[in-house]
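Here is the structure we will look at.
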Amino acid sequence: MSKQRLIIIGAGAIGACLAYELSADSRYQITVFDQAAGPATGATGAALGVLIGVLCQRTKGRFWQLRQRTLARYQSLIPELEAAIGQPIPGHEGLLKLVTDPTEREGWEQLQAIRRQQGYELELWDPSELRDRVPSIAAEQFALAVWSPYDRQINPTALTLALVKAAQQRGVEFCFNTPVQTLQRNGDRGLSVEGRPCDWLILSAGLGSTAIAQQLGLDLPMQPVLGQALRLRWPNNRLPQQVMTAEDIHLVPLTDRELWLGATVEMPPDQTAIAPQAEYLETLRSRAVQFWPDLQQAEVLQAWQGYRPRPLGRPAPVIECLTDWPNVIVATAHYRNGLLLAPVTAAIVQELLAAAVPPSTAAMI
């Protein structure tokens with residue numbers, strides 16, 4: 001029986017994870033197109049890889065269910081990939097949430113109780129315990145800290161490269177430096193991408209998805225949201241070893257006294273994209289110094305600013321089959337949670353493929 005030809009547009013964390021997970025199914029012959037020279041150069045490179053699941057405030061509904069499923073898959077996915085490629089994927093297990101508002105304590109205590117019922121533990125630290133565990137922090141700035149051993153951080157570039165390599169080992173073809181400019185429809189179900197016929201098309205190109213979707217008659221507006229990060233050298237030997245988040249600022253320790261400091265520049269959905277500016281990076285650092293005073297003397301090694309895709313008029317992410325194109329699946333616009341939701345996105349796409357009528361059967365009908 002001939003294989004079904006499946007094309008994925010986009011080779012960031014989402015596209016790479018789709019390629020890897022779907023390549024376990026021998027029914028598909030998979031090709032991935034990306035306009036970049038290599039993987040992890042778009043929104044994936046804009047991430048620090050801080051995966052907030054158990055610490056999120058949602059306890060039910062779609063928002064929580066997506067996180068619960070994706071955290072479970074990450075527990076097995078990381079060792080699976082490391083075994084496949086023969087090298088470790090850098091990251092940290094556990095995440096420390098720093099809370100400045102004392103009125104939020106009751107809410108965190110309630111979340112702690114709910115998470116315990118769901119099978120997860122959260123530890124609540126008072127400022128004195130925080131100071132003992134993280135000596136370099138300005139503990140007096142915080143009402144409490146919440147430690148989640150089930151959340152984690154993963155190096156986004158290393159993860160994406162691992163997914164690509166492991167998918168290639170399973171026979172997936174990646175076509176980099178290949179922008180998709182032409183989609184052709186052949187009959188009711190036939191599609192061609194850059195001259196290559198396919199039975200299934202999955203659109204996971206982040207901000208680039210909008211223009212491609214227009215060729216399919218789909219309106220998929222997205223807002224570019226600025227993400228930014230500083231790679232710094234800590235000025236002494238007191239670099240914290242925990243991944244921490246405070247007031248939406250993330251601190252990720254690396255090695256040799258180096259760290260990433262990052263945040264997203266939020267704006268109203270009706271505004272256009274904010275242009276990257278040096279002052280935003282200065283604001284990021286000055287805010288962070290309030291919490292980690294040693295950063296005042298930290299040396300800047302690298303500065304980065306880029307965009308993440310936020311869908312307009314609907315919640316993120318967008319994962320669905322197209323009504324007019326039953327063999328096209330959109331899996332994009334993950335906003336700040338692309339890396340976090342990559343495994344569950346692949347799982348949902350697998351379910352959509354399983355529920356759809358195969359192209360060969362549709363042709364017979």
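Every number here is computed from the coordinates shown, using simple stated rules; none is lab data. No experiment lies behind these values; they were computed from the predicted model shown. Heads up, the Cβs are rebuilt from the backbone with ideal geometry, glycines too, and the neighbour counts pull from every protein chain shown.
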FRET efficiency for Glu320 and Val265 from the Cβ-Cβ distance with R0 = 30 Å, rounded to 0.05, comes out at 0.60
Can you give the extra length, in nm with one decimal, that the chain gains between Ile274 and Ala303 once fully stretched, where that is 0.36 nm per residue apart less the Cα-Cα distance? 8.8 nm
Put a dot 7 Å past each Cα toward the Cβ at Ala37 and Arg133; how far apart are the dots in nm? 4.3
Tell me the label-point distance for the pair Glu82, Glu121, using the 7 Å Cα-to-Cβ offset, in nm and rounded to one decimal. 2.1
Once each part is reduced to its C-alpha centroid, what is the distance from region 278-315 to region 199-255 in angstrom? 12
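What order do you get for 61-71, 111-121 when each peptide is scored by the mean count of other beta carbon atoms within 10 Å, highest first?
61-71, 111-121
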Please give every one of the lysines within straight-line cross-link reach of Lys3, meaning a C-alpha to C-alpha distance under 26 Å, and leave out same-chain neighbours fewer than 8 residues apart. Lys165
Please give me the summed charge of the neighbours of Thr70: other residues whose Cβ is under 13 Å from its Cβ, Lys and Arg +1, Asp and Glu -1. +3
Counting only backbone N atoms under 14 Å from a point 7 Å out along Cα-to-Cβ of Ile114, the residues of region 46-80 in range are 53-68
Once R0 is set to 45 Å, what does the formula 1/(1 + (r/R0)^6) return for the Cβ-Cβ distance between Asn237 and Cys175, expressed as a FRET efficiency to the nearest 0.05? 0.45
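Can you tell me the equivalent ellipsoid semi-axes for region 56-131? Use √(5λ) from the Cα gyration tensor, largest first, whole Å.
Details: eigenvalues 168, 65, 18 Å².
The equivalent ellipsoid of region 56-131 has semi-axes of 29, 18, 10 Å.
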In terms of the alpha carbon gyration tensor, root eigenvalues a ≥ b ≥ c, rounded if a/c is under 1.5 and otherwise prolate when a/b exceeds b/c or oblate, region 155-226 is oblate
Which of rounded, prolate or oblate describes region 112-217 when judged by the alpha-carbon gyration tensor and an a/c cut-off of 1.5? prolate
Using the reciprocal of the averaged 1/r over all distinct C-alpha pairs, how large is the Kirkwood radius of region 266-346 in Å? 16.0
Given only helices, namely DSSP H runs of n ≥ 4 each adding -39500 (n - 2.57), what is the per-residue ellipticity at 222 nm of the chain, to the nearest 500 deg cm²/dmol? -10000 deg cm²/dmol
Quick one: helix 278-291 against the long Cα principal axis of the chain, what's the angle to the nearest 10°, folded into 0 to 90? 50
Mind sorting Asp256, Asp151, Asp101 by how few other Cβ atoms lie within 10 Å of their own Cβ, fewest first? Asp256, Asp101, Asp151
Report, largest value first, the span of the C-alpha coordinates of the chain along each principal axis, in whole Å. 70, 45, 44
